[in-house]
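The values are calculated or read from the model by the stated rules, or taken from the named source; none is laboratory data. Predicted, not measured: the structure shown is a model, and the values here were computed from it. Every residue, glycine among them, receives a Cβ derived from its backbone with ideal geometry; neighbour counts consider all protein chains shown. Side chains included, ligands, DNA and RNA excluded: accessible areas come from the protein's heavy atoms. Shrake-Rupley method; radii C 1.70, N 1.55, O 1.52, S 1.80 Å.
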Amino acid sequence: MRIVTHPETMRDLARRARRSGESIGFVPTMGALHDGHAALFARARGESRRLAVSVFVNPLQFGPREDYARYPRNDLNDARICRWSGVDWLYMPTAAEVYPPGFATQVTPGPMGDVFEGEARPGHFSGVLTVVLKLLETVRPDTIYLGQKDAQQAALVMLMVRDLDLPVHVSVCPTARERDGLAYSSRNAYLSPEERARARGLPRALKAARQAVRDGADSARAILAEAKRTLTREAKPDQIDYLALVDPRTFQPLTRLDGRGLLIAAVRIGRTRLIDNMPLNAPRSRP
Ligand code: AMP
């Protein structure tokens with residue numbers, strides 16, 4: 001595995017591989033790698049001749065009162081996990097290289113960037129899309145791998161790829177979870193043991209809603225009421241930022257589930273903000 005810090009070096013390595021006819025898979029991350037990231041690496045490893053992973057805590061996607069400074073960083077462990085995962089190039093640029101003095105241009109997402117995560121975190125998705133576009137331009141992979149865990153981010157990247165005619169395939173991989181259902185997240189490290197125990201109430205709430213759908217619920221009101229009941233009882237969240245049933249491609253709220261839906265949630269447990277989601281599909285047999 002080669003650790004690459006300079007964008008030009010990364011660009012050259014990828015260019016040479018491409019010229020030799022090698023396919024390139026790419027997984028962008030912010031490091032503090034865990035089994036959720038490793039699941040993306042495994043998928044990408046199996047589908048591409050070359051595997052590039054970036055570890056870059058992107059200052060542009062953090063708000064002024066967010067956790068940029070205290071976001072967990074662990075370069076040594078990240079390199080170890082990448083090596084185990086068969087990564088060819090671990091790309092770790094500095095913020096100064098990605099955003100040199102005078103940097104001014106950003107990608108503006110459409111309306112989907114202003115709701116839910118975008119409403120709670122103004123400017124977040126502009127920062128995400130800008131760095132993803134820059135990384136794509138440096139690596140020029142055949143496929144970029146993203147996690148369903150960050151469903152709104154994945155939907156926005158897919159839309160950017162389509163709208164800006166970017167020559168890359170987007171692969172969205174299922175959410176990897178701990179044994180009790182909690183989605184792996186770098187932010188889980190912030191949870192105290194007591195908060196960690198409450199946090200599993202979040203995936204349980206999503207599962208309770210899925211069960212309600214299987215039992216025949218189809219109005220957003222009934223589905224959300226079921227999720228909220230379990231969430232309140234088991235996670236005892238300090239705040240619910242949102243809990244909503246949306247169209248998975250547009251993130252527009254649905255009033256009724258009659259095709260594909262996505263149940264999305266963001267909650268605060270103590271000072272930690274957790275997000276999760278669950279695809280919900282209306283049973284085909286429903287009249
Ligand atoms: P992050 O380092 O949090 O920016 O995440 C980097 C990529 O890993 C994103 O595409 C995430 O959606 C994905 N990811 C994070 N956690 C998980 C998880 N538990 N399961 C699957 N993918 C994940």
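Angle of helix 75-84 to the longest C-alpha principal axis of the chain, folded into 0 to 90 degrees and rounded to 10: 90°. Distant-in-sequence amide contacts of S54, defined by a placed amide H-H separation under 5 Å and a gap of 5 or more residues or a different chain, comprise V27, T29, Y91. You can think of it this way: the chain between R16 and D215 has 66.2 nm of extra reach, that is 0.36 nm per residue less the Cα-Cα gap. Annotation for R65 and T9: the two label points, set 7 Å from Cα along the Cα-Cβ direction, are 4.0 nm apart. The string of couplings for segment 93-108 from the Karplus curve (6.51, -1.76, 1.60, θ = phi - 60°) is x, 8, 4, 5, 7, 6, 10, x, x, x, 4, 9, 8, 9, 7, 9 Hz, one whole number per residue in order, with x for Gly and Pro.
Where in segment 48-68 does the label zone of T94 land, with the point 7 angstrom along Cα→C-beta and an amide N cut-off under 18 Å? In segment 48-68, the label zone of T94 (backbone N under 18 Å from the point 7 Å along Cα→Cβ) covers 55-60.
Bridgeable aspartates and glutamates around K236 (alpha carbons under 12 Å apart, same-chain partners fewer than 8 residues away excluded): E194, E195. Taking 25 Å as the straight-line reach from the Cα of K134, the lysines in range (excluding those fewer than 8 positions away in the same chain) are K149. Normalised by 2.2 N^0.38 Å, with N the number of residues, the alpha-carbon radius of gyration of the chain equals 1.02. Helix 7-19 and the longest principal axis of the Cα set of the chain meet at an angle near 90°. With respect to the chain, whose longest principal axis is taken over its alpha-carbon atoms, helix 151-163 is tilted by about 50°.
Heavy-atom accessible surface of Y68, to the nearest 10 Å², is about 80 Å², with a 1.4 Å probe and all protein chains retained. Between D163 and K236, the C-beta separation translates, for a Förster distance of 41 Å, into a calculated FRET efficiency of about 0.50.
Full extension of the chain between R187 and S23 yields a length gain of 55.8 nm, computed as 0.36 nm times the residue separation minus the alpha carbon distance.
Given N residues in segment 69-178, what is Rg(Cα) / (2.2 N^0.38 Å)? Provide the component values of the computation, followed by the final result.
Details: Rg = 15.1 Å, N = 110, 2.2 N^0.38 = 13.1 Å.
Normalised Cα radius of gyration, segment 69-178: 1.15.
The Rg/Rh ratio for segment 32-123, using Cα coordinates for both the radius of gyration and the Kirkwood hydrodynamic radius, is 1.01. With Cα atoms defining each centre, segment 111-159 and segment 1-54 are spaced 18 Å apart in the structure.
Whats the longest run of the chain with zero GluC sites (Glu not before Pro) that are DSSP loop and have at most 16 other Cβ atoms within 10 Å? Present the calculation step by step, with values, prior to reporting the outcome.
On the way: sites that count: E22, E66.
Here the longest run is 67-287.
Relative to its residue count, segment 187-280 spans a Cα convex hull of 83 Å³ per residue.
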